[in-house]
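Below is one structure, written out as structure tokens, with a few remarks after it.
A short reminder: the numbers here are calculations on the coordinates, not readings from a lab. Keep in mind it's a predicted model, so treat the numbers as computed, not measured. Heads up, the Cβs are rebuilt from the backbone with ideal geometry, glycines too, and the neighbour counts pull from every protein chain shown.
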Amino acid sequence: MDKEHKEQNNDISVTIIGGGLSGISAAINLIQKGFKITLIEKRPYLGGRTFSFTDSNTNDQVDNGQHLFMGCFKNFIKLLKSLSVYDKVYTQKSLKTEILSKGKIGILKSLPYLGKFHMLPSLLRYPHVNFKDKIRIIYGMIKADLINLNDNNAIKLDKITFRKWLENNYQNENTIKNIWNLIILPTLNDDISNVSAYMGLMVIKNSILAKPKEASLGYSKAGLSQLLDMPTQDFINQRSGKILLNQNVKSLNFNNDKLENIKLSKDIVIKSDFYIFAIPFNELTNLLTKNILIQKDLNKISNLSFSPIIAIHLWFDKIIMNQEFLALLESPIQWVFNRNKIEEKPNSQKQHLCISISGASDLINLSKNELIKLSLKEIKKYFPIADSAKLIQSIVIKHSNATIRHLPNSYESRPKNKTSIKNLYLAGDWTKTGWPSTMEGAVKSGIDSSAALIKYLNE
Ligand SMILES: Cc1cc2nc3c(=O)[nH]c(=O)nc-3n(C[C@H](O)[C@H](O)[C@H](O)COP(=O)(O)OP(=O)(O)OC[C@H]3O[C@@H](n4cnc5c(N)ncnc54)[C@H](O)[C@@H]3O)c2cc1C
């Protein structure tokens with residue numbers, strides 16, 4: 001945007017409701033384009049579903065759940081750079097992940113210079129599928145590669161499950177369980193039998209079928225709040241933006257097809273030219289029920305639902321794991337992350353692990369004690385040295401509404417950013433971003449909502 005336009009935007013005020021990644025992204029984008037922004041968040045911190053806190057017993061940072069990003073998360077990475085916190089994350093040069101099954105470690109890694117075939121050598125050596133099944137997987141990957149998701153017909157793939165698509169393409173239980181679901185369960189936060197083929201293929205094509213760098217994994221070395229909360233507050237405050245924390249938007253006052261103002265919990269009324277709602281879809285429907293006009297936009301939202309994630313943090317009195325992270329193929333605890341390595345604490349004598357259970361609907365109703373018992377049993381099974389280690393601290397964080405479910409037909413239920421109310425826009429990982437409900441989807445939705453607003457101004 002040129003200087004003249006930036007100056008023109010100086011007089012235009014935008015209130016963003018919701019200080020998660022989507023609201024943060026919209027705020028940063030609009031500030032960079034010269035708008036006057038106010039960011040309203042009901043909690044005492046920014047970051048939404050990406051946050052951390054200090055455990056008073058161990059003094060360690062505890063993330064609400066282990067968050068990974070991929071090299072293909074271009075907008076998320078750009079946001080970290082805007083906040084000057086890119087040095088707080090680690091990104092693999094190319095994908096490498098270890099998978100433990102029946103006492104054997106398999107390694108899936110990409111090799112540079114092999115283009116789309118970067119995973120092939122490690123797949124051929126992968127011990128958890130036999131040779132015939134490797135041929136099936138290569139066939140499935142070629143079929144996936146040939147699909148153009150931008151083609152108008154591709155959206156038909158949203159009507160069937162990814163499992164069905166894979167079965168139609170000669171995949172069997174072994175290849176589905178030991179390769180395809182290994183990728184899909186953590187990325188789409190649901191079992192492969194539940195997710196739509198459109199979203200499943202989107203993940204496969206943007207990661208392991210893209211360039212090696214796109215498939216690489218990254219994580220924050222600092223607690224998630226250290227990465228996002230204060231750096232965002234500093235960014236906004238230094239540029240004359242306003243942040244209102246601990247403020248819950250309670251009601252909206254419409255005048256025909258315009259949102260006039262919003263009322264906050266302490267009877268504060270905020271009036272601005274434009275509003276971007278960057279809050280979860282269920283909270284939005286509660287706020288907007290009284291406006292008939294916007295119901296048109298929100299009718300389909302009732303088809304959306306949530307999928308849970310459980311994070312279990314365990315501390316042992318001695319080191320029991322060497323890898324940074326490990327997938328446990330047959331285990332209900334799925335993935336174990338070595339927080340000592342992630343936070344670069346090589347000299348620590350105690351072991352901090354974070355277990356991440358995606359699509360956890362079968363386990364979400366277990367009590368915290370039952371979840372700790374289950375994880376301890378599994379950890380001892382996969383890391384026999386843990387038998388002689390003492391558990392010194394544990395924290396369980398259950399997120400019932402961790403991400404939206406990517407069930408068949410759900411993509412069409414996700415609304416775009418522009419609504420029938422001319423000064424009201426939507427953002428959030430659940431809007432129609434082309435991405436699953438992820439940090440990248442959230443950041444992209446913030447960019448898309450500001451772009452839609454700017455387009456309206458230029459019309
Ligand atoms: C445990 C866990 C693990 C995850 N792992 C990964 C991962 O590995 N990789 C990945 O890419 N993604 C992961 N995700 C998903 C990712 O965290 C989300 O997609 C992303 O953070 C969503 O951002 P958002 O801005 O759309 O929503 P949110 O983060 O939910 O932000 C919405 C904000 O709006 C605020 N709000 C709501 N109502 C109001 C109101 N009335 N007034 C004011 N404020 C309001 C809320 O307090 C919240 O801060 C994970 C999520 C969880 C929970």
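Charges on Cβ only, +1 for Lys and Arg, -1 for Asp and Glu, centred on the Cα centroid of the chain; of 179, 79, 437, which one is farthest towards the dipole's positive end?
Projecting each Cα onto the dipole axis, the largest value belongs to 179.
Using only the alpha-carbon atoms, what does segment 43-156 span along each of its principal axes? Please give whole angstrom values in decreasing order.
The principal-axis extents, from largest down, are 53, 45, 30 Å.
Separation between the residue 130 and residue 146 pseudo-spin-labels, each 7 Å from Cα along Cα→Cβ, expressed in nm?
2.7 nm
Please compute, for the alpha-carbon atoms of segment 281-363, the extent along each of the three principal axes and give them in descending order in Å.
For segment 281-363, the Cα spread along each principal axis is 60, 28, 16 Å.
On a C-alpha basis, how far is the centre of segment 392-446 from the centre of segment 117-165 in Å? Whole number, if you could?
Rounded to whole Å, the Cα centres lie 26 Å apart.
Show that you can apply the helix-only estimate: for the chain, add -39,500 (n - 2.57) for every DSSP H stretch of four or more residues, divide by all residues, and state [θ] at 222 nm to the nearest 500.
Counting only the DSSP helices, I get -9500 deg cm²/dmol.
Checking the cross-link filter: which aspartates and glutamates have an alpha carbon closer than 13 Å to that of residue 78, excluding same-chain neighbours under 8 positions apart?
87, 440
Specify, per residue and in Å³, the volume enclosed by the convex hull of the alpha carbon atoms belonging to the chain.
Hull volume over Cα atoms, normalised by residue count, gives 154 Å³.
Explain nothing, just compute: Karplus ³J(HN,Hα) = 6.51 cos²θ - 1.76 cosθ + 1.60, θ = phi - 60°, for every residue of segment 127-141 in order, whole Hz, x for Gly and Pro.
Rounded to whole hertz, the list is x, 8, 9, 7, 4, 4, 5, 5, 5, 4, 4, 4, 4, x, 5.
Given a cut-off of under 8 Å on Cα pairs at least six residues apart, what relative contact order in percent is computed for segment 273-410?
Once normalised by length, the contact order is 35 percent.
Mind scanning 102/177; 88/398; 205/300 and naming the pairs with a C-alpha gap bigger than 19 Å?
From 102/177; 88/398; 205/300, over 19 Å: 88/398; 205/300.
Residue 242: which aspartates and glutamates have alpha carbons under 16 Å from its alpha carbon, excluding same-chain residues fewer than 8 sequence positions away?
Counting by Cα, and skipping residues close in sequence, residue 242 has these aspartates and glutamates nearby: 11, 41, 229, 234, 273.
Once phi is turned into θ = phi - 60°, what whole-Hz ³J(HN,Hα) does the Karplus curve with 6.51, -1.76 and 1.60 give for every residue of segment 346-363, x standing for Gly and Pro?
Taking θ as phi minus 60°, the curve returns x, 8, 5, 8, 9, 10, 9, 10, 10, 9, 10, 10, 8, x, 8, 4, 6, 10 Hz for segment 346-363.
So what is the relative contact order of the chain, in percent, for Cα pairs below 8 Å that sit 6 or more residues apart?
Value for the chain: 22 percent.
How much of the DSSP bridge set in the chain is antiparallel, in percent, rounded to the nearest 5?
DSSP beta bridges in the chain are roughly 70 percent antiparallel.
Please list, by residue number, every one of the trypsin sites (Lys or Arg not before Pro) in segment 327-397 that is coil in DSSP and has at most 12 other beta-carbon atoms within 10 Å.
Filter output for segment 327-397: 390.
Provide Rg over Rh for segment 306-404; use the alpha carbon set for both Rg and the Kirkwood Rh (inverse mean inverse pair distance).
0.96
Kindly write out, for segment 205-216 in residue order, the coupling ³J(HN,Hα) from the Karplus curve 6.51 cos²θ - 1.76 cosθ + 1.60 (θ = phi - 60°), rounded to whole Hz, with x marking Gly and Pro.
Rounded to whole hertz, the list is 5, 7, 10, 6, 9, 9, 6, x, 5, 5, 7, 5.
In segment 26-116, which chymotrypsin sites (Phe, Trp or Tyr not before Pro) fall in coil by DSSP and have 11 or fewer other Cβ atoms within 10 Å?
113
Using only Cα atoms, figure out Rg for segment 96-215 and give it as a multiple of 2.2 N^0.38 Å.
For segment 96-215, the normalised Cα radius of gyration is 1.01.
Just going by the charge dipole of segment 306-404, with Lys and Arg at +1 and Asp and Glu at -1 on Cβ, which of 359, 391, 403 is farthest out on the positive end?
In segment 306-404, that residue is 391.
Using +1 on the beta carbon of Lys and Arg, -1 on that of Asp and Glu, and nothing else charged, what's the dipole of the chain about the Cα centre, debye to 20?
So the magnitude is around 560 debye.
Under 5 Å between amide hydrogens, which residues at least 5 positions from residue 89 or on another chain qualify, with H placed 1.01 Å from N in the peptide plane?
So residue 89 has HN proximity to 221.
If one computes the Cα centroid of segment 239-297 and of segment 168-216, what distance in Å separates the two points?
A separation of 37 Å, based on Cα centres.
List the residues whose amide H sits under 5 Å from the amide H of residue 161, counting only those 5 or more places along or on another chain, with H placed 1.01 Å from N in the peptide plane.
Sorted by chain and number, the residues that satisfy this are 197.
Please compare each pair in 42/109; 159/341; 74/350; 74/422; 116/381; 33/221 to a cut-off of 32 Å on the Cα-Cα distance and tell me which ones are over it.
Checking Cα-Cα distances, 42/109; 159/341; 74/350; 116/381 exceed 32 Å.
Let me have the relative contact order for segment 96-215, percent, based on Cα pairs under 8 Å that are six or more residues apart.
27 percent
Report, in debye and to the nearest 20, how large the dipole of segment 96-215 comes out about its Cα centre when Lys and Arg carry +1 and Asp and Glu carry -1 on their Cβ.
Here the size comes out at about 380 debye.
Loop-only trypsin sites (Lys or Arg not before Pro) in segment 68-124, please: DSSP not H, G, I, E or B, and at most 11 other Cβ atoms within 10 Å.
Those that pass, being in a loop and sparsely packed, are 93, 102.
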